[in-house]
Structure formats: C-alpha cells, structure tokens
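Working notes for the structure below.
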Amino acid sequence: MKKDLIKPQGLVKNANRRKFLQKGSLSIAAAGLFMVGCNDDDDIMPPMEKEGVMLGSGDIGILNYAYALEQLEAAFYATVMQGGYFANASAEEKEIMGDLEKHERAHKEFFKAALGSAAIEDLEVDFSAINFDDRMSVLNAAKTFEDLGVAAYNGAGQHIQDAGYLLIAGKIVSVEARHAAAIRDLLNPGSTDFAGDDIIDGNGLERTLSFSEVLTAASNYVTTPIDFSQLPS
C-alpha cells in the first residue's frame, strides 16, 4: 500500500477519534444477550484441568478462546488506567483509553455470562514487560493487543458453526478493529498506519492468525497454561 494513495480523514482530527470509537460503543453486550446460557446441544466440558485451563471443543471452545483474549485485553486496560501514563495523558487520550477499557470489560463480561458454567477461570497475567508510566510503552502494547485481537477473530470465524455466535463475533471484531485503528493513529497521527501494510494485504483484506499463533503470542503475557488441543486445526 503506497502511503500517498490514502489520505485518512476520520482519524486525523482529534475530535473525530472519540466519535469513531463511540460508534462501537457498549451495544455489543446488549445486542448479544440471546447468547447467555450455552445451547443444550453443546457439550459442556469441565473448564479446569489439573494445571491451567482447557478451552474445550466446538463453538464452546472458540467462545472460551475469545473470552481468554478479552480477559487479557480487559486486564491490560484496567492496568493502564492505574498507571502514570494515564494520569498524565492528554484529555483526548484519557477519553480514548477510558472508552477502550469500557469496551474490553464489556466484552469480557459478555463472554463470561454467555458461557455460564462452561467458562474458563480467570486467567493470571503478567504485564511486567510493559512500562505503564511511559506513553510509548503503553501505546505499543495496546497496538500489539488490538492487532492480535482482530487477527484472532478473523481466524476463528471460519470455524464457528452457530450463526448467532458468528454474528456476535463479527460485531465484536468490528469494535476491535476500531480500537486498533485509533491506537495506530495515536502512535503516528495523520498517517496511513491505521491500515498499514503489516495488517492489510494487497486485496484490502485484514490478516488472520490461527489459534496456535494467537495463543503463542498471548503467552508472553498470560501465565495460566491454556490447553487448546480440542479446537479446530
């Protein structure tokens, strides 16, 4: 993608960044309440193993996979809100980070309610590699998490069997993509990085990552062992 071919308008103006995020809003949780309680047809497996957690199989396993990622993102933004970067950030960046924290918390709670007794336990995380007092450290970590989340949903979508679950996953990934674009614009305002060549291919399609690729990347921050062996390969 040549940078001179795209002149982003919606992200480069400070006032529009928050409007861009607000369109994602917290309506995801309200729109998807029909998912609360797993289908009787789904095999509910014990989420706990002797060490770590087992995601399970089929759609339940994929929902637990998404739940694990949302736990990671929610924990990250909750920590951001307590750090020195957030305390000293501009009003605009405080609003953006506040919106992202609310969205990720809503996503996490949504999956927890939807999975019910099939939900995995709360994961242990380790953010010691991130300096929450430093703007660039926080924003680069946010970029990593948001890009990973989008690629994860894109990769998992093809394996979801229930049309209702697929609909909700599509709604959530659209919000995650807004997050990713906003973070990239904060890092490099007015550039084409919001849809950079590292995530968008020559056909205008977002990259996808497999379950293994995503969970391997997430293992840098999640200390709870995750068994995903029953997910589709």
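The values are calculated or read from the model by the stated rules, or taken from the named source; none is laboratory data. Please read all numbers here as calculations on a predicted model, not as lab measurements. Neighbour counts run over all protein chains shown; Cβ positions are idealised from the backbone, glycine included. Accessible surface is based on the protein model in full, side chains and every heavy atom, while ligands, DNA and RNA are left aside. Shrake-Rupley method; radii C 1.70, N 1.55, O 1.52, S 1.80 Å.
Data for the structure
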read-out: ILE172, sole failed condition from (1) touching a strand residue (DSSP E or B) at 6+ places or on another chain (Cβ under 7 Å); (2) surrounded by 15 or more Cβ atoms within 10 Å (Cβ to Cβ); value: (1)
read-out: Test: residue in the range 133-144 that is in contact (Cβ under 8 Å) with a residue 60 or more places away in the chain, in contact with a helix residue (DSSP H, G or I) (Cβ under 6 Å, 6 or more places away or on another chain) and of a type in the set (A, V, I, L, M); value: yes
read-out: Residue count, the range 161-205 (criterion: under 22 Å from GLN71 (Cβ atoms) and among the aromatic types (Phe, Trp, Tyr)); value: 1
read-out: Number of the condition not met by ALA152 [criteria: (1) more than 19 Å from LEU231 (Cα to Cα); (2) crowded, with 23+ Cβ neighbours inside 10 Å]; value: (1)
read-out: Residue ranges of helices (runs of 4 or more DSSP H) in the range 20-97 with at least 1 members at pLDDT 95 or above; value: 58-80, 84-88
read-out: In the range 179-233, the residues that are of a type in the set (D, E, K, R), assigned to a helix (DSSP H, G or I) and under 25 Å from ILE96 (Cα atoms); value: ARG184, ASP185, ASP193
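Conditions tested, residue by residue: (1) open to solvent by 30 Å² or more (accessible area, probe 1.4 Å); (2) under 15 Å from the mean Cα position of the chain (by Cα); (3) more than 18 Å from ALA74 (Cβ to Cβ); (4) not assigned by TED's automatic domain parsing to the domain that holds LEU63.
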position: ALA114; (1), (2), (3), (4): no, no, no, no
position: ASN140; (1), (2), (3), (4): yes, yes, yes, no
position: PHE145; (1), (2), (3), (4): no, yes, no, no
position: HIS179; (1), (2), (3), (4): no, yes, no, no
